[in-house]
Structures are given as C-alpha cells and as structure tokens.
C-alpha cells in the first residue's frame, strides 16, 4: 500500500530516477569489468546485439499503430520495455567512455533522451494519473471542497501535467535516434578496416 502522505515526486519521480541510475551504473560496471579483464574488444561488438534488441522492440510500435495484429498489446509493451532496456544497456557498454566519434556520441545522446522519455511513460504517466485521481476521490470523500482539493494537490497536478507531455518528445527523438544510429552504422561500415 503506498504511503498516502508521500508526494507524487517521492512516489514516482525518485523510482524513475533510480531506474535511470541503475541502467547507467550497470553499463559503467560492465564496461569497467571488460577493461579490467582486458576484454575491451567485446564491448566493440556489443553494439550489434544491442541494436538488434532495440529494433526487435519496435514490434510494440507496429502493433500500436495497427500495422500488425500479432500478439496482445500489453505483452508486446512488456517485451518492448525489456528488449529496449537490454539493448540500450548493450549499446551503452559498446559506447563505453571512448570519445573518438562525434556521430556515435550524437546517436548515443539521442538514445539516452529516448530512454528517458520512454521511462517517463512507463514509470510516471499511468501511475501519476491513477494516484492523482485516487487522491482527489479520497479528499472529496473526506469532505473537502474542489478548491481545497486543488490547493492540496497543486504540486502533484503540475507534475502530472508536465509528465503528460512525454509523447511529444518520445516519438520525434526515436526518429532522430534511428537516423543517427543508421548514419553511425553506415559510416562505420564505410571506414571500417576490413583487412
């Protein structure tokens, strides 16, 4: 049972931030382990399975837009979340802490923004809406009038309104990430030492 006295920020925003920190921390830990054991070359190849996982996660988007009718949307959403997270982890390890390619870093930055916007939808939007409605109902049932309720939930309402705009960022940044990742792949193929 959630703590009814806790604000929307402590109930929803902090777990969201912890999910991001976990992803970044795990990527750094894996990259450090690869360096420690002299397996840096493994990280170079992790971009391929990472990209494949991210591409496979788009089955959810195809189903959502009715391009395909396979599988249940909720099953695809869960798969989308897991595959995109795992793929992003592999791509982050692939990127490592190497600063030698501007195009690759732009693609990585677009992916990071895409991760943030995707997690915003996952962690915040539905939960925030549900909790705000529940809080309004609970306060109304306790005898508060509409003005008192709005004053009491002012910060939570502002937070929810901000979070609701997540799709405005998620879809275009997904396209930007796709373009930049494709350009990175093409440039890598063109300039790769194939000998």
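The values are calculated or read from the model by the stated rules, or taken from the named source; none is laboratory data. These numbers come from a predicted model, not from an experiment. Glycine gets a Cβ as well: all are built from the backbone with ideal geometry, and neighbour counts include every protein chain shown.
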Exercise. State whether the residues of segment 161-171 include one that is under 26 Å from the mean Cα position of the chain (by Cα) and outside any helix (DSSP H, G or I).
Key: yes
Self-check item: Criterion violated by residue 102 - all others in (1) more than 30 Å from residue 33 (Cβ to Cβ); (2) exposed (fewer than 15 other Cβ atoms within 10 Å of the Cβ); (3) at pLDDT below 80 satisfied
Solution: (1)
Quiz prompt | Exclusive hit being modelled with pLDDT of 85 or more, part of a helix (DSSP H, G or I) and more than 18 Å from the chain's Cα centre (by Cα), set 175, 190, 180 | solution = 190
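Those residues that are at positive phi and part of a helix (DSSP H, G or I), I need them from segment 23-38; list them, please. Spell out how you get there, then give the answer.
First, pick out the residues of segment 23-38 that are at positive phi: 38.
Correct list: empty.
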Self-check item: Tally of residues being touching a helix residue (DSSP H, G or I) at 6+ places or on another chain (Cβ under 9 Å) and at pLDDT 90 or above across segment 29-44
Solution: 6
Quiz item: Does residue 90 fit the bill of being part of a helix (DSSP H, G or I), crowded, with 19+ Cβ neighbours inside 10 Å and modelled with pLDDT of 85 or more?
Solution: yes
Exercise. Considering only residues that are under 14 Å from residue 9 (Cα atoms) and either surrounded by 12 or more Cβ atoms within 10 Å (Cβ to Cβ) or in contact with a strand residue (DSSP E or B) (Cβ under 6 Å, 6 or more places away or on another chain) (or both), look in segment 136-172 and name the one that is modelled with the highest pLDDT.
Key: 153
